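Undergrad: Sharing a structure below in structure tokens format, with a few things to ask.
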Amino acid sequence: NDAPNGDRIFLGWMSNWNYARNTPTTNWRSAMTLPRTLSLSTIEGGYVLQSKPVAQFNQQLTTALTKEKIKIKKGSEKTFDYPNLNQSQIQFKAANKNLKLIFTNKVHDSLVLNYDAQKQQFSIDRRHSGKVNFEKSFGEKIHTTPTPNLISKSIDFQIILDWSSIEIFLNGGVYSFTEQIFPNQPYTKLSIQSIDNQEIKNVKIDAVKRIWQ
């Protein structure tokens, strides 16, 4: 509370008591989320709490790759190579259709994000994302969330990866998702797949500046 301009700033604890003491890290045990601005909006007559990264986060970004438009034919994929996806922000606009994103590296770790337009669900599969066997509950299932408020014809994706976390914001934070991940090496490839004909617009990958000197 009491932030400038009357903003409401949220910081979340990015961990889980099931494995908070057992994460495969050296100097720290987990972290906090990015600071997020909270706001209320209305969708079909109901109030929705939105959260999205504070505007100051943009000062940490340097554009690394842009694509104005990408067409994905039904059942095909488009792949991007980028040396350090675990220190990046990825943004794009996609039609409100089925879409799957797969992050991989040279040692075959994989983190899968899946949007099912028919079921109105978004899921995150970290079962093979890297180090997962330090706690049974960490990598035993796919995390799935209903997304009935994604009613627009297109969806804005904002994905921010750090060395051991991913934060995802859909339509300006109408839905947000946070996961810890522990890949054995940084992800270097992003594959975008769809079982529908899909058009991806305004693709942008930004490098995020390190805060440690």
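Undergrad: Being aromatic (Phe, Trp, Tyr), crowded, with 19+ Cβ neighbours inside 10 Å and not in a strand (DSSP E or B) is the filter here, so list the residues in the range 104-138 that pass it. First the steps, then the outcome.
TA: Quick first cut of the range 104-138, residues aromatic (Phe, Trp, Tyr) only: 115, 122, 134, 138.
Now drop any that are not crowded, with 19+ Cβ neighbours inside 10 Å, which leaves 115, 122, 138.
The one that is aromatic (Phe, Trp, Tyr), crowded, with 19+ Cβ neighbours inside 10 Å and not in a strand (DSSP E or B): Phe138.
Undergrad: What are the pairs, 6+ residues apart or on separate chains, where a residue within the range 97-119 that is of a type in the set (Gly, Ala, Ser) has its Cβ under 7 Å from a residue that is part of a strand (DSSP E or B)?
TA: Ser110/Ile102; Ser110/Phe103; Ser110/Thr104; Ser110/His128
Undergrad: Is it the case, given these coordinates, that Ile155 is on the phi < 0 side of the Ramachandran plot, open to solvent by less than 30 Å² (accessible area, probe 1.4 Å) and not hydroxyl-bearing (Ser, Thr, Tyr)?
TA: Details: on the phi < 0 side of the Ramachandran plot: yes; open to solvent by less than 30 Å² (accessible area, probe 1.4 Å): yes; not hydroxyl-bearing (Ser, Thr, Tyr): yes.
The answer is yes for Ile155.
Undergrad: Let me ask something additional. Considering only residues that are aliphatic (A, V, I, L, M) and either in contact with a strand residue (DSSP E or B) (Cβ under 6 Å, 6 or more places away or on another chain) or under 16 Å from Ser191 (Cβ atoms) (or both), which ones fall in the range 108-147?
TA: Residues of the range 108-147 that are aliphatic (A, V, I, L, M), as a first pass: 111-113, 117, 124, 132, 142.
Leu111, Val112, Leu113, Ile124, Ile142 - these are the residues of the range 108-147 that are aliphatic (A, V, I, L, M) and either in contact with a strand residue (DSSP E or B) (Cβ under 6 Å, 6 or more places away or on another chain) or under 16 Å from Ser191 (Cβ atoms) (or both).
Undergrad: Any residue in the range 74-85 that is open to solvent by less than 80 Å² (accessible area, probe 1.4 Å), touching a residue at least 60 places away in the same chain (Cβ under 8 Å), outside any strand (DSSP E or B) and among the hydroxyl-bearing types (Ser, Thr, Tyr)?
TA: Yes, the conditions are met somewhere in the range 74-85.
Undergrad: Let me ask something else. Of all residues in the range 1-45, count the ones that are open to solvent by 60 Å² or more (accessible area, probe 1.4 Å), in contact with a Lys or Arg (Cβ under 9 Å, 6 or more places away or on another chain) and either free of Cβ contacts under 8 Å to residues at least 24 places away in the same chain or of a type in the set (A, V, I, L, M) (or both).
TA: 5
Undergrad: Can you tell me how many residues within the range 50-73 are within 21 Å of Gly172 (Cα to Cα), among the charged types (D, E, K, R) and either at pLDDT below 95 or outside any strand (DSSP E or B) (or both)?
TA: The number of residues fulfilling the criteria is 3.
Undergrad: Is there any pair with a first residue in the range 54-73 that is open to solvent by 100 Å² or more (accessible area, probe 1.4 Å) and a second that is part of a strand (DSSP E or B) and of a type in the set (D, E, K, R) whose Cβ atoms are under 9 Å apart and which are 6 or more apart or on different chains, and what are they?
TA: Listed pairs, sorted by first residue: Glu68/Lys201; Lys69/Glu199; Lys69/Lys201; Lys71/Lys78; Lys71/Glu199.
Undergrad: On to the next question. Need pairs with beta-carbon distance below 6 Å; first residue in a loop (DSSP other than H, G, I, E, B) and within the range 160-176, second of a type in the set (Ser, Thr, Tyr); sequence gap 6+ or separate chains.
TA: Partner pairs satisfying both residue conditions: Gly173/Ser51.
The values are calculated or read from the model by the stated rules, or taken from the named source; none is laboratory data. A quick note: this is a predicted structure, and the numbers were derived from the prediction, not measured. Please note: Cβ atoms are built from the backbone with ideal geometry, for glycine as well, and neighbour counts cover all protein chains shown. Heads up: the accessible areas ignore ligands, DNA and RNA and are worked out on the full protein's heavy atoms, side chains in. Shrake-Rupley method; radii C 1.70, N 1.55, O 1.52, S 1.80 Å.
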